[in-house]
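Here's the structure, in structure tokens; my notes come after.
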Amino acid sequence: MPIIIQNVLIIILAGWMAWDNGSGVQIIGQWPVCVGLVMALITGDFQNAMIIAGTLQLMSLGVAAFGGSSIPEYGVATIVSVFLAARTGANVGEAIAVGLPVGMLTLQLDILVKYFNTFTAHWEQELLHKKQFNKMQAVYFLSIGIWCLKYIVPIGLVVIFGAPLVSSLTKIIPEWVTLGLQVAGNMLPVLGVALLLHYMPAKKYFTFLIVGFVLAAYLNMPILAVALLGGGAAYLIYQIEVKKLATPVSSDSTIQGDDFDE
């Protein structure tokens, strides 16, 4: 794919990500794994894209923008990191070392845009009272455009001017920084699994956890195969639970809770 077309698609992806993130019905939103997949399709660098996306996804676990709060833009960090890895040949640690700060700086644009949208919201309300619906709709589309610019501007600057500049920056980044990020990237999958197990009924289904670990770690079975076996086991348990619900409960039976009553 020509570089110019790639650049245009990446900037379009940035705008779409901003719109999707604020629409309430997220397709990719800020999920790094979803953004990374689209970037892999655009750049053709699937291996680095998915490693970067997976690392940033684990970094973002447990981080959510509740009540209008602003959080680091991990989606922006994913786009920038994958772009740099594909264009400059930077390794995963170097790409994330540059992409993550860009995502952090974009946080400030998010705050600025939210201030602006507060102004447009009052403007739309005033036009509504005046029954000037066409103008109200125009202001609404203006607010959408400004909202999308918070991603388009930083990513556009990186796409247009960033590759040569960042290529020079990656050469002067201390080795201990990139090494530290690589070590953290290797540890994050363990942290991510631990966080997931905390919210899952792992105690009740500990046997399946051990079986899955043995299949993957000792028998070297592909993760997809283990996941398919887990899906089959989950469906079997679901059928058993459905049959239990269909069975009449006697008066002296003990009421059982769900899998999360631990």
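The values are calculated or read from the model by the stated rules, or taken from the named source; none is laboratory data. Quick caveat, the model's predicted, so the values are computed rather than measured. Every residue, glycine among them, receives a Cβ derived from its backbone with ideal geometry; neighbour counts consider all protein chains shown. The accessibility values were calculated without ligands, DNA or RNA, using every heavy atom of the protein model including side chains. Shrake-Rupley method; radii C 1.70, N 1.55, O 1.52, S 1.80 Å.
Brief remarks on what is shown
- Residues of the stretch 208-223 that turn out to be open to solvent by 100 Å² or more (accessible area, probe 1.4 Å), at pLDDT 85 or above and out of contact with any Gly (no Cβ under 8 Å at 6 or more places or on another chain), as a count: 4
- Selection within the stretch 193-207 - modelled with pLDDT under 85 and either of a type in the set (A, V, I, L, M) or not in a loop (DSSP other than H, G, I, E, B) (or both): Val193, Ala194, Leu195, Leu196, Leu197, His198, Met200, Ala202
- Residues in the stretch 193-205 that are of a type in the set (Phe, Trp, Tyr) and exposed (fewer than 11 other Cβ atoms within 10 Å of the Cβ): 1 in all.
- Test: residue in the stretch 70-83 that is among the aliphatic types (A, V, I, L, M), at pLDDT 85 or above and open to solvent by 10 Å² or more (accessible area, probe 1.4 Å): no
- Inter-residue pairs, beta-carbon under 7 Å, first more than 19 Å from Leu84 (Cα to Cα) and open to solvent by 50 Å² or more (accessible area, probe 1.4 Å) and in the stretch 1-27, second charged (D, E, K, R) and modelled with pLDDT under 80, 6+ apart: Gln26/Asp20; Ile27/Asp20
- Flag for Val92 being within 18 Å of the chain's Cα centre (by Cα) and modelled with pLDDT under 80: yes
- Annotation: Val190 fulfils all but one of (1) under 26 Å from Ala49 (Cβ atoms); (2) at pLDDT below 70; (3) open to solvent by less than 80 Å² (accessible area, probe 1.4 Å); the unmet one is (3).
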